[in-house]
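This report concerns only the one structure given below.
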Amino acid sequence: MTAGTLFAVAIGLATGAVLGLVHFATLRWTTDLYLGKGIAYGFGLQILRFAVLGLVLFALARLGAAALLSGALGLLVMRRIVLKRVGGMP
C-alpha cells in the first residue's frame with residue numbers, strides 16, 4: 001500500500017465515522033417528528049439526512065475506492081455503536 005492509499009483509508013474511516021454518528025444520531029429525532037405532528041419536518045429531515053449521506057459518499061468515491069470502502073466501514077461501525085447505545089439493536 002502506498003502512502004496515498006493509507007491516507008485515503010484514514011480520511012475515509014474518519015469521515016465515515018463522523019457521518020455515521022450524525023446520520024444515526026438524528027434517526028431518533030426524525031422518528032419523533034414522524035410520530036408527532038411534524039410529519040413534514042420529519043420528511044424534510046429524512047431527505048436532508050440522505051442528501052448529506054449521498055454527497056459525502058460521492059466525495060469519498062471521487063477520492064478512490066479505498067476512501068469509499070473505508071468510509072462505508074466507518075459508517076457501519078458507527079451505526080452499530082449508536083444503535084446499540086440507544087437500545088435499538090441486540
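The values are calculated or read from the model by the stated rules, or taken from the named source; none is laboratory data. Predicted model, so just to flag it, every value in this text is computed and none were measured. When we count neighbours, we look across all protein chains shown, and the Cβ atoms used for this are built from the backbone with ideal geometry, even at glycine.
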If I ask for residues that are among the aliphatic types (A, V, I, L, M) and either within 10 Å of Gly74 (Cα to Cα) or modelled with pLDDT of 95 or more (or both), which ones from segment 11-47 would you list? Ile11, Leu13, Ala14, Ala17, Val18, Leu19, Leu21, Ile47
Which one of these is of a type in the set (A, V, I, L, M, F, W, C), crowded, with 17+ Cβ neighbours inside 10 Å and within 13 Å of the chain's Cα centre (by Cα): Val9, Val52, Val56, Val22? Val56
Quickly run through segment 11-54 and pick out the residues that are without any contact (Cβ under 8 Å) to a residue 24 or more places away in the chain, assigned to a helix (DSSP H, G or I) and of a type in the set (Gly, Ala, Ser). Ala40, Gly42, Gly44, Ala51, Gly54
Is segment 28-37 home to any residue that is under 14 Å from the mean Cα position of the chain (by Cα), of a type outside the set (D, E, K, R), within 21 Å of Gly87 (Cβ to Cβ) and surrounded by fewer than 18 Cβ atoms within 10 Å (Cβ to Cβ)? no
Could you list, in sequence order, all residues of segment 55-83 that are of a type in the set (Gly, Ala, Ser) and either within 14 Å of Phe24 (Cα to Cα) or in a helix (DSSP H, G or I) (or both)? Ala59, Ala61, Ala65, Ala66, Ala67, Ser70, Gly71, Ala72, Gly74
